[in-house]
Amino acid sequence: MIYLKNSQRSVPVNTDALQRDAERLLSYLKLSAYDLSIWITTDQTIRRFNKQFRGKDKATDILSFGGLEYANSDELFDD
């Protein structure tokens, strides 16, 4: 299953197309049984998570977490 959240409003994102592309990618990789969470957020939010989880006080383009490390993803999606 694909979990997709867009909490930023600055950049238009076609979330339906992103959802379909992510599903196709998992299928192509033969990983359809796995879940993928995608959160599109602001630089401010990603900077806060980088500082909290990586000790780096800066925004980055991508921040990834292993699924087993953070089994309760609801905690990550709280803004």
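None of the figures in this text is laboratory data; all of them are computed from the coordinates on show. Because the structure is a prediction, the values reported are computed rather than measured. Glycine gets a Cβ as well: all are built from the backbone with ideal geometry, and neighbour counts include every protein chain shown.
Can you pull out the chymotrypsin sites (Phe, Trp or Tyr not before Pro) in the stretch 1-72 that DSSP calls coil and that have at most 14 other Cβ atoms within 10 Å?
When the chymotrypsin sites (Phe, Trp or Tyr not before Pro) of the stretch 1-72 are filtered for loop state and at most 14 Cβ neighbours within 10 Å, Tyr34, Phe65, Tyr70 remain.
Is the stretch 1-71 best put as rounded, prolate or oblate by its Cα gyration tensor, with a ≥ b ≥ c the root eigenvalues, rounded for a/c under 1.5, and otherwise prolate when a/b is larger than b/c, oblate when not?
Judged from the Cα gyration tensor, the stretch 1-71 comes out oblate (a/c at least 1.5, b/c at or above a/b).
In nm, what is the difference between 0.36 nm times the number of residues separating Leu29 and Asp43 and their Cα-Cα distance?
2.1 nm
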